[in-house]
Amino acid sequence: NAGVTQTPKFQVLKTGQSMTLQCAQDMNHEYMSWYRQDPGMGLRLIHYSVGAGITDQGEVPNGYNVSRSTTEDFPLRLLSAAPSQTSVYFCASSSTGSPLHFGNGTRLTVT
Amino acid sequence: SQQGEEDPQALSIQEGENATMNCSYKTSINNLQWYRQNSGRGLVHLILIRSNEREKHSGRLRVTLDTSKKSSSLLITASRAADTASYFCATDAAAGGTSYGKLTFGQGTILTVHP
């Protein structure tokens, strides 16, 4: 009963590097989403998916790509990391009528 | 842009006291949810109140919703040191009644309960 699993837990990147944050859920939820959390800002939606093969942008999508090839996985790609992307990233999943289930986050630092 | 504004930003109380946190939002909503976040962890869902409900209880939690004022409050009664955490309100304002996981979060209230 893992729920939502995010890897890695911590990551340090240099400006311009790319990387993929992994997210997997084992609850057969249709909906998955990525949020970033910055001090004093709450959580802001980056991208979301309503099912395999279907993704859309949230409030702050610039600099990030997503894909959803399976129900279980929803990776977030940083194309060319910038210091402004230093944040804590949370993946969440849900189904119709259910609340969000969150992973424990990835703490990313871009130097 | 942030839908929810929370008040206070930080709250410090003694064990056994009640804690009240407030949330205001800007647009019509389908429901409003409260989440808790322990330091270094993900958010955990506490309670959901629908737009046609005015009050809801769950254990020591009481949530109210006033859609005319676009505001909600979370009351934790008889607080414990283990309640120390950040608390966030989140609104589901999606057209058609299904958010697809798209919630808008407030900035949160940091609650500290002293033993």
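No lab work stands behind these numbers, since they all come straight from the coordinates. A quick note: this is a predicted structure, and the numbers were derived from the prediction, not measured. FYI the Cβ positions are ideal-geometry reconstructions off the backbone, even for glycines, and counts take in every protein chain you see.
Could you check, for segment A:49-68, whether at least one of its residues is outside any strand (DSSP E or B), out of contact with any strand residue (DSSP E or B) (no Cβ under 7 Å at 6 or more places or on another chain), hydroxyl-bearing (Ser, Thr, Tyr) and farther than 21 Å from A:Val12 by Cβ? Quick ask: steps written out before the conclusion?
If we filter segment A:49-68 for residues that are outside any strand (DSSP E or B), which is where we start, we get A:52-53, A:58-63, A:67-68.
When the remaining residues are screened for being out of contact with any strand residue (DSSP E or B) (no Cβ under 7 Å at 6 or more places or on another chain), the result is A:52-53, A:62.
Still in the list and also hydroxyl-bearing (Ser, Thr, Tyr): none.
No, because not a single residue in segment A:49-68 is outside any strand (DSSP E or B), out of contact with any strand residue (DSSP E or B) (no Cβ under 7 Å at 6 or more places or on another chain), hydroxyl-bearing (Ser, Thr, Tyr) and farther than 21 Å from A:Val12 by Cβ.
Take B:Ser68 and decide whether it is farther than 17 Å from B:Asp7 by Cβ and not hydrophobic (A, V, I, L, M, F, W, C). So B:Ser68 fits the description; yes.
With away from chain A (no Cβ under 12 Å), in a strand (DSSP E or B), more than 24 Å from A:Gly97 (Cα to Cα) and of a type in the set (A, V, I, L, M, F, W, C) as the only criterion, which of B:Leu111, B:Leu74, B:Leu65 stands out? Break it down stepwise before answering.
Details: B:Leu74 fails: more than 24 Å from A:Gly97 (Cα to Cα); B:Leu65 fails: more than 24 Å from A:Gly97 (Cα to Cα).
Just one listed residue meets the conditions, B:Leu111.
Candidates in segment A:86-100 are the residues that are more than 7 Å from chain B (Cβ to nearest Cβ) and surrounded by fewer than 21 Cβ atoms within 10 Å (Cβ to Cβ); of these, the one that is nearest to A:Gln6 (Cα to Cα) is A:Val88.
Kindly check whether there is at least one residue in segment B:33-43 that is among the hydroxyl-bearing types (Ser, Thr, Tyr) and within 30 Å of A:Thr5 (Cα to Cα). Please lay out each step first, then the result.
Step one: of segment B:33-43, the residues among the hydroxyl-bearing types (Ser, Thr, Tyr) are B:35, B:39.
Remaining after also requiring within 30 Å of A:Thr5 (Cα to Cα): B:35, B:39.
Scanning segment B:33-43 turns up at least one residue that is among the hydroxyl-bearing types (Ser, Thr, Tyr) and within 30 Å of A:Thr5 (Cα to Cα).
Go through segment A:65-88 and give me each residue that's within 15 Å of A:Ser49 (Cβ to Cβ) and of a type outside the set (A, V, I, L, M). Passing the criteria: A:Asn65, A:Ser67, A:Arg68, A:Ser69, A:Thr70, A:Thr71, A:Glu72, A:Asp73, A:Phe74, A:Pro75, A:Arg77. Within segment A:79-107, being outside any loop (DSSP other than H, G, I, E, B), without any contact (Cβ under 8 Å) to a residue 60 or more places away in the chain and more than 15 Å from A:Lys9 (Cβ to Cβ) holds for A:Ser84, A:Gln85. Take A:Thr86 and decide whether it is out of contact with any Lys or Arg (no Cβ under 8 Å at 6 or more places or on another chain) and of a type outside the set (Phe, Trp, Tyr). It is true that A:Thr86 is out of contact with any Lys or Arg (no Cβ under 8 Å at 6 or more places or on another chain) and of a type outside the set (Phe, Trp, Tyr).
Out of the residues in segment A:1-60 meeting the condition of being touching an Asp or Glu at 6+ places or on another chain (Cβ under 8 Å) and among the aliphatic types (A, V, I, L, M), tell me which one is surrounded by the fewest Cβ atoms within 10 Å (Cβ to Cβ). So, considering only residues that are touching an Asp or Glu at 6+ places or on another chain (Cβ under 8 Å) and among the aliphatic types (A, V, I, L, M), the one surrounded by the fewest Cβ atoms within 10 Å (Cβ to Cβ) is A:Ala2.
Residues satisfying the criterion are absent from segment B:27-35 (criterion: hydroxyl-bearing (Ser, Thr, Tyr), away from chain A (no Cβ under 14 Å) and out of contact with any Lys or Arg (no Cβ under 9 Å at 6 or more places or on another chain)).
Among the residues of segment A:10-43, write down those that are of a type in the set (D, E, K, R), within 14 Å of chain B (Cβ to nearest Cβ) and not in a strand (DSSP E or B).
Within segment A:10-43, the first condition is being of a type in the set (D, E, K, R), and the residues that meet it are A:14, A:26, A:30, A:36, A:38.
Among the residues that remain, those that are also within 14 Å of chain B (Cβ to nearest Cβ) are: A:30, A:36, A:38.
Scanning segment A:10-43 gives a single hit, A:Glu30.
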